[in-house]
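> Below is a structure I'd like to ask you about.
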Amino acid sequence: MKIAFVGKGGSGKTTLSSLFIRHLAANEAPVVAVDADINQHLGAALGLDESETAALPAMGAHLPLIKDYLRGSNPRIASAETMIKTTPPGEGSRLLRICEDNPVYDACARTVHLDDGDIRLMATGPFTESDLGVACYHSKVGAVELCLNHLVDGADEYVVVDMTAGSDSFASGMFTRFDMTFLVAEPTRKGVSVYRQYKEYARDFGVALKVVGNKVQGPDDVDFLREEVGEDLLVTVGHSDWVRSMEKGRPQRFDGLEAENRMSLQALQNAAEDSYELRDWERYTRQMVHFHLKNAESWGNAKTGADLAAQVDPAFVLGERWADVRAALPA
């Protein structure tokens, strides 16, 4: 399952995404975590020190390798240079699985040892001084979007993406790449403003959206969130001494997290599992193609000098059967 955490800056989305990742690892679920925020804090939230966080490879720096690997033997893609962030897979493309070893993971992922298991962590890379004036952060997350387009994930497997703050995700089609989007909102007017933007943008694309109320101090905060977001409010999270200790650099074992907060994390996992039952690979592929054609027309064709619409394989529908086909091929 592909899960996104979104919210305004300071809402606590990185903290909650890291807690959810720890919860999944404690439940023995395979996890690939991706830090796609311009402020790269997920590694630290998962317990890495400054040097370990700084040493994480940037996916954007390995984009040529990612493109070359995913292109595979797809005859519709003339070269890796003609691939853009929305390029969809087709017959002959290489696909990614959660539980496998491949050159993309070798280059871009690092293993993080948590209390209850190991997860893979990938990061887009920070916005550097050399990017100023010549690039936007959407070019950084292009590597994430390309990998999600070529990912075949099954039940009880998780990709958890800590997205960039606010509604920036709607600058590309990446917001449609997830089975469930958890929007972290504080019980304030500013806290729910991003929810309204997401709700409006996501409505036409069937994006599953649930709100996680954070920094909730009492019944009045819960009532406020319920009035503002209605049935989209899934669960609320209050103060956590465990989190405060972690943020001070004094991490405790994860099994010491407060019982009520563990229950909230289980509610998130239950909602994610329910979303898997509604997965529609045909719609997923159709939306992928929609945004690719849109990007091809607006800038992709001009940038690459190729007709990127020709990359679309009309007979191809991404799905778990392709992973089964690949597994049956000789090594």
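The values are calculated or read from the model by the stated rules, or taken from the named source; none is laboratory data. Computed from a predicted structure; not experimentally measured. Quick reminder, even Gly has a Cβ in these numbers, built from the backbone with ideal geometry, and neighbours come from all protein chains shown. Ligands, DNA and RNA are stripped out before the accessible areas are found, and what is left, the full protein with its side chains, is counted by its heavy atoms. Shrake-Rupley method; radii C 1.70, N 1.55, O 1.52, S 1.80 Å.
> Measure nothing but the geometry: give the 0 to 90° angle between the long axis through the Cα atoms of 281-295 and the longest principal axis through the Cα atoms of the chain, rounded to 10°.
Roughly 70 degrees between the two axes.
> Hey, can you grab everything whose amide H is under 5 Å from the amide H of residue 159? Only 5+ residues off in sequence or another chain; H modelled, so Pro and N-termini drop out.
So residue 159 has HN proximity to 2, 3, 32.
> Label points 7 Å out from Cα along the Cβ direction at residue 220 and residue 250: separation in nm?
About 3.1 nm, to one decimal.
> Taking the Cα centre as origin and putting +1 on Lys and Arg beta-carbons and -1 on Asp and Glu beta-carbons, what dipole magnitude results for the chain, to the nearest 20 debye?
Numbers: 34 positive and 49 negative charges, 155 e Å.
I would put it at about 740 debye.
> As a check on your grasp of the helix formula, calculate [θ] at 222 nm for the chain: sum -39500 (n - 2.57) over DSSP H runs of n ≥ 4, divide by the residue count, round to the nearest 500.
Rounded to the nearest 500, it is -11000 deg cm²/dmol.
> Return the single residue from 53, 15, 86 with maximal mean-square fluctuation; model: Gaussian network over the chain, springs between Cα atoms under 10 Å.
Highest fluctuation of the listed residues: 53.
> Post the alpha-carbon centroid distance, region 247-282 to region 191-212, in whole angstrom.
The distance from the Cα centre of region 247-282 to that of region 191-212 comes to 20 Å.
> Would you kindly derive the ³J(HN,Hα) couplings of region 11-17 from the backbone phi angles with the Karplus curve 6.51 cos²θ - 1.76 cosθ + 1.60 (θ = phi - 60°), listing them in order in whole Hz, with x for Gly and Pro?
So the J values, rounded to whole Hz, are 6, x, 5, 5, 4, 5, 5.
> If each of residue 266 and residue 91 carries a label point 7 Å out from its Cα toward its Cβ, how far apart are those two points in nm?
With each label point 7 Å from Cα toward Cβ, the separation is 4.8 nm.
> For the chain, what are the per-bin percents of Cα-Cα distances with bins 10 Å wide, up to the bin holding the maximum?
5, 26, 35, 23, 8, 1, 0
> Please return the longest stretch of the chain lacking exposed loop sites, where trypsin sites (Lys or Arg not before Pro) count only if DSSP places them in a loop and at most 11 other Cβ atoms lie within 10 Å.
On the way: sites that count: 248, 253.
That would be 1-247.
> If you don't mind, another one. For the chain, set up a GNM with springs between Cα atoms under 10 Å and report which of 305, 191, 213 has the largest fluctuation.
305
> Taking the Cβ of residue 162 as the centre, find all other residues whose Cβ is under 11 Å away and add up their charges (Lys, Arg: +1; Asp, Glu: -1).
-1
> Counting only heavy atoms of the protein chains, get the accessible area per residue of the chain (1.4 Å probe) and round it to a whole Å² value. Walk me through the numbers on the way to the answer.
Details: 15040 Å² over 331 residues.
On a per-residue basis, the chain sits at 45 Å².
> Here is a further query. Taking the Cβ of residue 183 as the centre, find all other residues whose Cβ is under 9 Å away and add up their charges (Lys, Arg: +1; Asp, Glu: -1).
Result for the neighbourhood of residue 183: +2.
> Moving on. What nm value, rounded to one decimal, do you get for the distance between residue 317 and residue 81 when each label is placed 7 Å out toward the C-beta?
3.7 nm
> Please build a GNM for the chain, connecting alpha carbons under 10 Å apart, and tell me which residue among 268, 48, 24 fluctuates the most.
48
> Provide the net charge surrounding residue 255, with neighbours chosen by a C-beta distance below 13 Å and charges set as Lys +1, Arg +1, Asp -1, Glu -1. Mind dumping the intermediate values first?
On the way: positive: 22, 253, 262; negative: 115, 116, 258.
With Lys, Arg at +1 and Asp, Glu at -1, the neighbours total 0.
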